[in-house]
Amino acid sequence: MEKAGFSDRISIVHDTVENVDLAGATAVFVYLVPEGMKAIQEKLVEAVNERGVRVVTYVFSVPGLVPVEVSYQLIYVVLHVCADRMCFLARRL
């Protein structure tokens, strides 16, 4: 984030569902399995309904929230060994 110039606008928070505070959030990226989504459901629904917070998830949806947009982007990674280092090439399908 620092290299991209976003460190003054983005905060990454690693916390438990019970402890996380979404009060100051304007957008939330959630990477949880269905059980975790159920555990944080109330906080996310409240944030969306009361403050219009944008919620982005990876794979699993949040119970009680209807997606505005669903995007499927398939990417595969090709691994090459380049002399003394590993080289990665990602291509969108």
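The values are calculated or read from the model by the stated rules, or taken from the named source; none is laboratory data. In this text, all values refer to a predicted model and were calculated from it rather than measured experimentally. Cβ atoms come from the backbone with ideal geometry, glycine included; neighbour counts cover every protein chain shown.
Annotations
- Check on L22, part of a loop (DSSP other than H, G, I, E, B), at pLDDT 80 or above and in contact with a Phe, Trp or Tyr (Cβ under 9 Å, 6 or more places away or on another chain): no
- Of all residues making up the stretch 25-48, the number that are more than 12 Å from V62 (Cβ to Cβ) and either part of a helix (DSSP H, G or I) or among the polar types (S, T, N, Q) (or both): 2
- Qualifying positions in the stretch 43-66 - more than 26 Å from R9 (Cβ to Cβ) and surrounded by 12 or more Cβ atoms within 10 Å (Cβ to Cβ): F60, S61, P63, G64
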